[in-house]
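The values are calculated or read from the model by the stated rules, or taken from the named source; none is laboratory data. These numbers come from a predicted model, not from an experiment. Cβ placement follows ideal geometry from the backbone for every residue including glycine, while neighbour counts extend to all protein chains displayed.
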Amino acid sequence: MAVRALEADLEPAHPGVLVDPDAIVRPVLSVGPSFKRWAIAMAAVVAWALFAWIWQLWRGLGVTGLGRPVYWGLYITNFVFFIGVSHAGTLISAILRIVHAEWRRSITRMAEVITVLVLFFGVGNILLDLGRPDRALNVITHPHFRSPLLWDVMSISVYLMASSIYLYLPLIPDIALLRDRVSGWRHGFYRRLALGWAGTPRQIHLLERAIGAMAIIVIPIAVSVHTVVSWVFAMTIQPMWHSTIFGPYFVVGAIFSGIAAIITAMVIVRKVYGLERYLQPVHFNNLGILLLVMSCLWLYFTFAEHITVWYGQEPTELSVFDARLFGRFAPFFWAMFLFCFVVPFAILANPRTRTIKGTLIASISVNLGMWLERFTIVVPSLSNPRVPIHTFLYAPSWVEWSLMAGCFAAFTLLYMGFTKLFPIISIWELQAAEAEAAGWMALVAGEGDEPAGPGANGEASAATEPALAGGWR
Amino acid sequence: MARWGLVVDLDRCTGCQACVIACKHENNVPFSTPASSAAGRLMTWIQLVAVEMPGRDHRVPLPLMCQQCDRPPCTDVCPTSATYLSTDGIVAQVYARCIGCRYCTNACPYVVKVFNWTPPEWPASMQGMMNPDVSVRPKGVVEKCTFCHHRLMIARERAKAEGRELASEDYVPACVQTCPAEALTFGDLDDQHSAVAAAAASPRAFQWMEELGTKPKVIYLREGE
């Protein structure tokens, strides 16, 4: 049984080919014309966004489309969206690592990079939203611990630190590999970052233990991050914000959009860097099933959230409910329903459409839908206050759209930059899997050369999957 | 310590908006245009809103200002303590500490906190007409009704200089002083002999959205039969 499971996992992903470090390293060290074109295009968008930002700093938040009572809009929507996407790394990497899902090996790093980079844009959108960004440090010099925003500051900084460490640790052996292959400034850069990695058994043991510990630590931190983000809304007494299920609802939505983000990134990286051998249909199939499950879970939470409000018929809640489902925000709400459930479910529930192209379409749809979900949570509640004051239809200004485009472009640029400094696929982890598989096959075939034994992963894994633990020997 | 409160008698209120003008002048609240108001940029610390009242077939004008809650939802959420419940019972707003995140504006169920979207501007004819006792707020911070807190500080200083206790009648906000219909009564709610305590004890008295548990110190008297 265990043999079959292992074979089923490994074979399609790594069909008997040796891991070729050169193929993965080559795109790191070379820059093609297409890369340059994209980098320039993205840099141009970022430059335009910088101009918009300076404009906003100079003129004040009056250059946005915000007003009373819609005090929050695109920036806060983006904040929640980006923090949500940051859950990609944790789920894919940490959870799959803990459950020893073999197919994770070629996708963990892609996911972890998204987490770390996107967090900066989550925090960045809060700074964009501040009326006085020059006083942002007041939250540290004059903290008020009863404010959910301060909880956010604390949990997001912890998450940023933990996920950076979690990205860095599995990078070390690959940095060392690059260190040994290059000269010049890159050599010095990698030498410092490699921390003297020589691949000794003791180093490997320590690294595996550290990665194992971090994989467990980042999960509760990640859950806390999006729970606290939801509490920014849920802790107020505003209609359709003050909801007990917002914590888990936001966590589910975050994992949902996170998986969609990583599938999108995988398709692009696979195509651009010719990594078809490492990112196979099985990866997209498995992630597609995960996305399908999250889509159903999302529907359940969304249904539970809205049916209770509707059944209760509490007037202030109902006015937000009506605006969201049937009023001026109805197009956004039903587009969200279409993008978050109908499209992904139709594509992913059918194994024949759960292809690379299919999961990509579903993922883009989910990302659009989840952005709309954040928008339809933030804006309708503010647009329908309890008091009968004048309200207006919020339309984001060119500054807000520009800064949003700038965030996405800057993220893309940083992601591209990362792929030119570090391998986007974890070479050593693939090689380890290969060694394990080879050892296991040898064991199965009875050719002697017993590779197993209680190894670095400890007794539990050694008992179930001896080859995995013994791969290093 | 006094518990400063305001009683608004809707039966006396004529909707003349003299309080709105007095407040704007007293507190250096910038002017707004119809266009900016339509875009949600109205700067005001007190405004008349049309409210449905039980037993009335038309909407009743109701002066809406910071309700000076004893349990303010806005102060809890401020990440920098820039807004807090002062020992005077007045919800304070420290402009120099506010980072402009607008969390308090969103947490307030009365939506009475306003944000400085742009630098404050006044027509040229207002040159030299500013109240020197009230600071002008820069762009990017939140502001709201303070019960004319500067007047309390001045009254307190004067009482001290004259070597006596601060009396309830020493301190009155600009809106109350101005109201020609005498619809507004201000004073110490804890002083049983004060006019404001007597008005607050009226059977017509109610606190807006008292079901939210915010415990406002602005008390409205519904119209008589």
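Selection over the range A:232-242 of residues that are under 27 Å from the mean Cα position of the chain (by Cα) and surrounded by fewer than 19 Cβ atoms within 10 Å (Cβ to Cβ) gives a count of 1.
Is it the case that B:Gln192 is polar (S, T, N, Q) and surrounded by 14 or more Cβ atoms within 10 Å (Cβ to Cβ)? The answer is no for B:Gln192.
On inspection, B:Ala50 passes the criterion of being within 12 Å of chain A (Cβ to nearest Cβ), under 19 Å from the mean Cα position of the chain (by Cα) and either over 19 Å from B:Ala200 (Cβ atoms) or in a loop (DSSP other than H, G, I, E, B) (or both).
The C-beta contact set for the range A:384-397 (first residue within 7 Å of chain B (Cβ to nearest Cβ), second residue crowded, with 18+ Cβ neighbours inside 10 Å and outside any loop (DSSP other than H, G, I, E, B), distance under 7 angstrom, 6+ apart or interchain) comprises A:Arg386/A:Thr316; A:Val387/B:Leu64. In the range B:103-114 there is no residue matching the filter, namely being touching a residue at least 12 places away in the same chain (Cβ under 8 Å), touching a Pro at 6+ places or on another chain (Cβ under 8 Å), exposed (fewer than 15 other Cβ atoms within 10 Å of the Cβ) and not acidic (Asp, Glu). In the set (1) within 22 Å of the chain's Cα centre (by Cα); (2) in a helix (DSSP H, G or I), A:Leu50 fails one condition alone, (1).
Could you list, in sequence order, the residues of the range B:119-137 that are within 14 Å of chain A (Cβ to nearest Cβ) and either within 20 Å of the chain's Cα centre (by Cα) or in contact (Cβ under 8 Å) with a residue 40 or more places away in the chain (or both)?
Across the range B:119-137, the qualifying residues are B:Pro120, B:Glu121, B:Arg137.
With a requirement of 3 or more residues that are closer than 17 Å to B:Cys78 by Cα and in the same structural domain as A:Cys407 (by TED's automatic domain parsing), the helices (runs of 4 or more DSSP H) lying completely within the range A:73-183 that satisfy it span A:108-129, A:138-141, A:148-168. The residues on offer are A:Met161, A:Met154, and the sole one that is more than 27 Å from B:Thr118 (Cα to Cα) and more than 14 Å from chain B (Cβ to nearest Cβ) is A:Met161. Taking into account only those residues within the range B:91-118 that are under 17 Å from B:Val218 (Cα atoms) and of a type in the set (A, V, I, L, M), which is nearest to the other protein chains (Cβ to nearest Cβ)? Ranking the candidates gives B:Val111 first. Screening A:Tyr278, A:Tyr249, A:Tyr190 for residues that are part of a helix (DSSP H, G or I), hydroxyl-bearing (Ser, Thr, Tyr) and within 28 Å of A:Leu360 (Cβ to Cβ) leaves exactly one candidate, A:Tyr249.
Within the range A:130-145, can you find the residues that are under 23 Å from A:Trp55 (Cα atoms) and either surrounded by 16 or more Cβ atoms within 10 Å (Cβ to Cβ) or touching a strand residue (DSSP E or B) at 6+ places or on another chain (Cβ under 7 Å) (or both)? Scanning the range A:130-145 gives A:Leu130, A:Gly131, A:Arg132, A:Pro133, A:Arg135, A:Ala136. Taking B:Arg156 as meeting all but one of (1) over 22 Å from B:Asp88 (Cβ atoms); (2) not in a loop (DSSP other than H, G, I, E, B), write down the number of the exception. B:Arg156 satisfies every listed condition except (1). Just to be sure before I move on: is B:Arg151 touching a residue at least 12 places away in the same chain (Cβ under 8 Å) and in a helix (DSSP H, G or I) in the structure I sent? It is true that B:Arg151 is touching a residue at least 12 places away in the same chain (Cβ under 8 Å) and in a helix (DSSP H, G or I). For the range A:55-108, the set of residues classified as more than 10 Å from chain B (Cβ to nearest Cβ), closer than 17 Å to A:His226 by Cβ, in contact with a helix residue (DSSP H, G or I) (Cβ under 6 Å, 6 or more places away or on another chain) and hydrophobic (A, V, I, L, M, F, W, C) consists of A:Phe79, A:Val80, A:Phe81, A:Phe82, A:Ile83, A:Val85, A:Ala88, A:Leu91, A:Ile92, A:Ala94, listed by residue number.
Looking only at the range B:56-90, which residues are under 13 Å from the mean Cα position of the chain (by Cα), within 11 Å of another protein chain (Cβ to nearest Cβ) and either free of Cβ contacts under 8 Å to residues at least 24 places away in the same chain or more than 18 Å from B:Asp11 (Cβ to Cβ) (or both)? Selection gives B:Gln67 alone. If you check A:Gly312, A:Gly327, A:Gly369 for being crowded, with 21+ Cβ neighbours inside 10 Å and either of a type outside the set (Lys, Arg) or touching a residue at least 40 places away in the same chain (Cβ under 8 Å) (or both), only one passes: A:Gly369.
Look through the range A:186-245, keep the residues that are without any contact (Cβ under 8 Å) to a residue 24 or more places away in the chain and of a type in the set (Val, Ile, Thr), and return whichever of them is nearest to A:Arg146 (Cα to Cα). Going through the qualifying residues, I end up with A:Thr236.
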